[in-house]
Amino acid sequence: MKQRIFSGVQPSGTPTIGNYIGAMRGFVELQDDYEAVYCVVNQHAITVPQDPKVLRENTKSLTALYLAMGIDPSKSIIFKQSDVPAHSQAAWLIQCNLGLGELERMTQYKDKAAKQESIGAGLLTYPALMVGDIILYDAEFVPVGDDQRQHIELTRDFVDRFNSRFGNGNDILVKPEGLYPDHGARVMSLQDPSSKMSKSDSNVKGFISLLDTPKQITKKIKSAVTDSIGEVNYDKENQPAVSNLLDIYSSLSMRDIDDIVSEYQGTGYGAFKSDLADLTVATIEPIQERYNQLMAGDEVEDIIRDGAVRANEIASITLEKMEKAMGIR
Ligand code: TYM
């Protein structure tokens with residue numbers, strides 16, 4: 001039997017090349033070797049204010065992007081989080097077994113809370129929902145970018161705690177491991193190499209969205225900040241912006257960084273940026289073609305409906321086990 005993996009992406013905007021390199025591309029590669037479950041985590045997105053109409057559109061659009069990238073619904077389960085009630089039910093059980101201090105220490109909470117005028121309680125308890133996403137499917141591996149490391153560690157701690165509190169010597173829940181890419185686990189903003197590339201960045205020049213036009217992509221890469229050194233080097237300390245572009249280049253081309261650095265010796269940044277723009281467009285264009293076809297038909301809705309049935313079957317079994325162990329069923 002294949003081992004199971006689980007991962008999710010928030011429909012809080014269109015995914016960026018950071019989401020793609022850090023996590024989503026791996027989803028496609030992994031589906032042949034694992035029993036994969038991929039979720040559009042729309043309940044995570046509402047931890048910060050969302051326009052309901054836009055959220056609904058983004059949810060469909062993200063599902064279409066999963067498919068357009070190559071996730072195959074005959075191999076993997078693709079579903080929408082809110083279609084499986086076990087997620088919010090498990091989140092409550094999990095919250096009751098997590099400490100307030102543990103949640104307050106999450107750096108994503110601190111970062112996002114700093115950007116909000118009023119902070120919803122869901123922003124704090126969000127990791128409980130994420131722990132639930134993973135454990136409900138008995139996932140052994142979770143492909144994610146570097147920014148999710150702390151949440152994965154929390155999930156592992158939670159599983160140990162739950163099993164020892166309620167397992168009577170048996171492991172009720174499976175302890176997962178994060179899977180992080182070697183390069184591109186943390187793609188940085190094109191405008192500020194000290195901050196992570198994010199789909200919700202108010203400066204749209206900082207990220208490349210998977211639905212940007214070739215012209216926009218080229219413009220954004222050409223206007224990415226660099227430095228005054230003028231040499232393509234991989235030196236995260238002194239040339240963080242160029243090193244970030246090299247990470248993107250290496251990830252998309254599957255070439256070694258050293259090989260790319262030697263190709264651009266003495267050429268300055270112009271040729272390097274122009275080739276990176278071409279490479280990015282060549283990666284994204286075929287995805288967009290399939291995406292546009294999918295958005296024009298009914299297939300996406302059918303796949304979401306089918307995914308909900310398959311996901312519910314698995315998740316409800318784990319939820320029942322948790323409830324029984326805790327004495328509420
Ligand atoms: P989200 O929607 O912010 O990001 C989706 C995935 O993309 C990765 N990622 C990045 N990787 C490299 N560089 C970046 N700049 C970058 N930005 C984002 C993220 O690490 C993530 O893997 N909490 C999660 C969604 C989630 C989830 C889950 C993931 C909810 N439940 C269960 C795995 C398992 C999030 O906000 O991802």
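Here's how it looks for Phe207: its modeled amide H is under 5 Å from those of Leu190, which are all 5 or more places away or on a different chain. Simple point charges give the picture: +1 on the Cβ of Lys and Arg, -1 on the Cβ of Asp and Glu, and for region 93-169 a dipole about the Cα centre of about 200 debye.
Short-range pairs are left out: with C-alpha atoms under 8 Å and at least six residues apart, the relative contact order of the chain is 23 percent. Contact order for region 154-217, expressed relative to its length and based on alpha carbon pairs under 8 Å spaced 6+ residues apart, stands at 18 percent.
Look at where the Cα atoms of region 108-141 and of region 201-266 average out, and the two centres are 30 Å apart.
Neighbours of Pro240, meaning other residues whose beta-carbon lies under 11 angstrom from its beta-carbon, give a summed charge of -4 when Lys and Arg score +1 and Asp and Glu score -1.
Taken about its Cα centre, the chain carries a charge dipole of roughly 920 debye when the Cβ of each Lys and Arg holds +1 and the Cβ of each Asp and Glu holds -1. Take every pair of alpha-carbon atoms less than 8 Å apart whose residues are at least six positions apart; their mean separation over the length of region 74-155 yields a relative contact order of 36 percent. For the chain, the Kirkwood radius over C-alpha pairs fed into Stokes-Einstein at 25 °C and 0.890 mPa s yields D = 118 µm² per second.
Each residue in Met295, Met188 was given a count of other beta-carbon atoms within 10 angstrom of its own, and listing them fewest first yields Met295, Met188. Computed from Cα positions, the angle between helix 240-253 and the longest principal axis of the chain comes to roughly 80 degrees. Dipole orientation for the chain: of the candidates Ile135, Ile119, Ile303, Ile119 has the Cα lying most toward the positive pole (charges on Cβ; Lys, Arg +1; Asp, Glu -1).
Ordered by the number of other Cβ atoms lying within 10 Å of each residue's own Cβ, fewest first, Met1, Met322, Met106 fall into the sequence Met1, Met106, Met322.
Here the residues Arg305, Arg149, ranked from fewest to most Cβ neighbours within 10 Å of their Cβ, fall in the order Arg305, Arg149. For the chain, the residue among Asn42, Gly26, Ala277 whose Cα projects farthest onto the positive side of the dipole built from Cβ charges is Asn42.
Cross-link pairs exceeding 22 Å in C-alpha to C-alpha distance, out of Lys53/Lys80; Lys115/Lys220; Lys175/Lys324; Lys112/Lys220; Lys60/Lys112; Lys80/Lys215, comprise Lys115/Lys220; Lys112/Lys220; Lys60/Lys112; Lys80/Lys215. Ranking Gly169, Tyr180, Thr155 by how far each Cα lies toward the positive end of the dipole of region 132-183 (charges on Cβ) leaves Gly169 at the top. Sites listed here are GluC sites (Glu not before Pro) in region 220-272 whose DSSP assignment is loop and whose Cβ has at most 16 other Cβ atoms within 10 Å: Glu231, Glu237. The value given for region 239-299 is a Kirkwood hydrodynamic radius of 13.1 Å, derived from the mean inverse Cα-Cα separation.
Taken together, the values in this text are just the output of simple stated rules run on the coordinates, not laboratory data. Computed from a prediction, not measured in an experiment: that's the story for all the values here. Counting neighbours? That spans all protein chains shown, and the Cβs are built from the backbone with ideal geometry, glycine included.
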